[in-house]
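Beneath this line is the structure, given in structure tokens, with notes to follow.
What follows is calculated from the coordinates using simple rules that are stated; it is not laboratory data. What you see is a predicted model, and the numbers here were worked out from it, not measured in a lab. With ideal geometry, Cβ positions are generated from the backbone for all residues, glycine too; neighbour counts draw on all protein chains shown.
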Amino acid sequence: MRKELPAEVPAQAARTEAAQGTPAAAQAAGTTQPAATPAAAATGRDSSETPSLTSSETPSEAPGDAPEASLTGRQRLVQGLWPPRVSRAQLIVALLLFGLGFGLAVQVASNSDSGNALRGARQEDLVRILDELDDRSQRLEDEKQGLEKQRQELENSSDQAEEARRQTVEKEKQLGILAGTVAAEGPGITMTIADTKGTVEADMLLDAIQELRAAGAEAIQVNDVRVVAGTYLTDSDKSVSVDGNKINAPYRFKVIGKSQDLEPALNIPGGVVQTMEKEQATVTVERSTKIVVDALRAAKQPDYARSSSQ
């Protein structure tokens, strides 16, 4: 059987011969070789070997340019902040700011705790506290006016030496009352604390003394012991010792001062009376126009301090 090749086969054979460099074959294939350029002749390569770039081989942009161009401002901000790059100085500043914030938080919490007692107080209690503050301010103002009056008397007196001696004697009596070296009497209150359970401790009695002093008490006596500036209290076998003198319940306070200020100071919310009642102790407060404080303390001569007046 006779088989004929397709017409394109001779053409393919002719192109093959042309590639091998046969001029006749190239002419038979219908193609001609272009003349070599000078550059190609110098390098020993023809122009057919010079690589050409197609549209698919066009250089593209760097791999990282396209993603960065497509990022939004928020994404770039996140990339700049995370992961964090913390230096030593930044770490120190962060620790200082943390300490400052912690201190402020503790201060705010302590202020809130101190105001809880007043926040839960009744209107009558708040009014009484305000009245007590007004009375303290008035006492300070009266003391200021008294001192100014003494100065004017010294300046205007014809016999300044005699006036100075008189005021010195008066001041000595006042200091003697504060020091507990002389007896005192005047209006005030009597507070009795009955402690049948033995739960009242020295710090509770000390709180009562401090509250009375803040309310304007001028002389205080607990049982048979005079309370002065250097008085200290300690617990001693279910009882209390005042300046080393053991006292037993009931504890009886004799206080000289303005009774209208002393009694409310003991009855404020969270004050002395409520604290004692929580410890199952009974507190009674009585006003009187005459309170006698007759417990005395020996005058103590200072070892080193001397008067600087000439």
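Structural remarks
- Using a simple spin-label model with pseudo-atoms 7 Å out from Cα toward Cβ, Ile92 and Glu286 lie 7.0 nm apart.
- Kirkwood Rh in Å, taken over segment 178-251 so that all alpha-carbon pairs contribute: 12.9 Å
- Of Thr231, Gly271, Ala249, farthest towards positive along the dipole that unit charges on Lys, Arg, Asp, Glu beta carbons give segment 229-272: Ala249
- Anisotropy class of segment 241-285 from Cα gyration tensor, a/c 1.5 cut: oblate
- Set Lys197/Lys290; Lys149/Lys290; Lys144/Lys254; Lys258/Lys278; Lys173/Lys258 screened for pairs whose C-alpha atoms are more than 24 Å apart: Lys197/Lys290; Lys149/Lys290; Lys144/Lys254; Lys258/Lys278
- Neighbour-limited loop hits for trypsin sites (Lys or Arg not before Pro), segment 119-218 (at most 10 other Cβ within 10 Å; DSSP other than H, G, I, E, B): Arg122
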